[in-house]
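What follows is a short report on a single structure.
The values are calculated or read from the model by the stated rules, or taken from the named source; none is laboratory data. Here the structure is a predicted model, which is why all the values come from computation and not from measurement. Because the Cβ atoms are built from the backbone with ideal geometry, glycine has one as well, and the counts that use them run over all protein chains shown.
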Amino acid sequence: MPTARTRLGDQGEEAARRFLLDKGYQILAVKYRCRWGEMDLVAQEGAELVFVEVRTRRSFAFGTPEESLTPAKARRLLAACQHYLQQRDGPEPSWRIDLISVRMNPQGPVIDHLRHAVEV
């Protein structure tokens, strides 16, 4: 049975997915997992692959979503991205890692999109 934290995360990921679709992105994978970590969303914007980490909060009492992206988490994201890219056929495309922060409130989710959140 999912915990309240898991349900909140799932709601945030779904809000982020809809946000990206509305912006014209194509969603290639949801919750991509490998031994190195998990990528919440893998999308494509034009010819560029976009790996998306989604951070969801109800409030910023324990810090902002951006602050929760630690150097250790960034290393795991990079490793998961590399694994995803190795599984593809053909030349390596241009790619980046974005962070989407979702703040859930009674009026609906508030979404911020930080492109190139992790420098490659």
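A compact table of results
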item	result
Residue check for F19: surrounded by 13 or more Cβ atoms within 10 Å (Cβ to Cβ), aromatic (F, W, Y) and over 23 Å from E92 (Cα atoms)	yes
Test: residue in the range 45-56 that is of a type outside the set (G, A, S) and over 21 Å from K73 (Cα atoms)	yes
Residue check for A43: in contact with a strand residue (DSSP E or B) (Cβ under 6 Å, 6 or more places away or on another chain) and touching a residue at least 60 places away in the same chain (Cβ under 8 Å)	no
Positions within the range 46-73 being without any contact (Cβ under 8 Å) to a residue 24 or more places away in the chain and farther than 21 Å from R103 by Cβ, in sequence order	G46, P71, A72
Selection count, the range 78-106, where residues are closer than 19 Å to F19 by Cβ and touching a strand residue (DSSP E or B) at 6+ places or on another chain (Cβ under 9 Å)	9
Among residues of the range 27-63, those that are of a type outside the set (G, A, S), farther than 17 Å from C81 by Cα and at pLDDT 90 or above, counted	1
Tally of residues being exposed (fewer than 12 other Cβ atoms within 10 Å of the Cβ) and either in contact with a Leu (Cβ under 8 Å, 6 or more places away or on another chain) or of a type in the set (S, T, Y) (or both) across the range 32-49	0
Matching entry among P109, P71, P91 (being touching a Ser or Thr at 6+ places or on another chain (Cβ under 9 Å) and over 17 Å from V50 (Cβ atoms))	P109
Complete set of residues in the range 50-78 that are touching a Lys or Arg at 6+ places or on another chain (Cβ under 9 Å), of a type in the set (A, V, I, L, M, F, W, C) and loosely packed, with under 14 Cβ neighbours inside 10 Å	F60
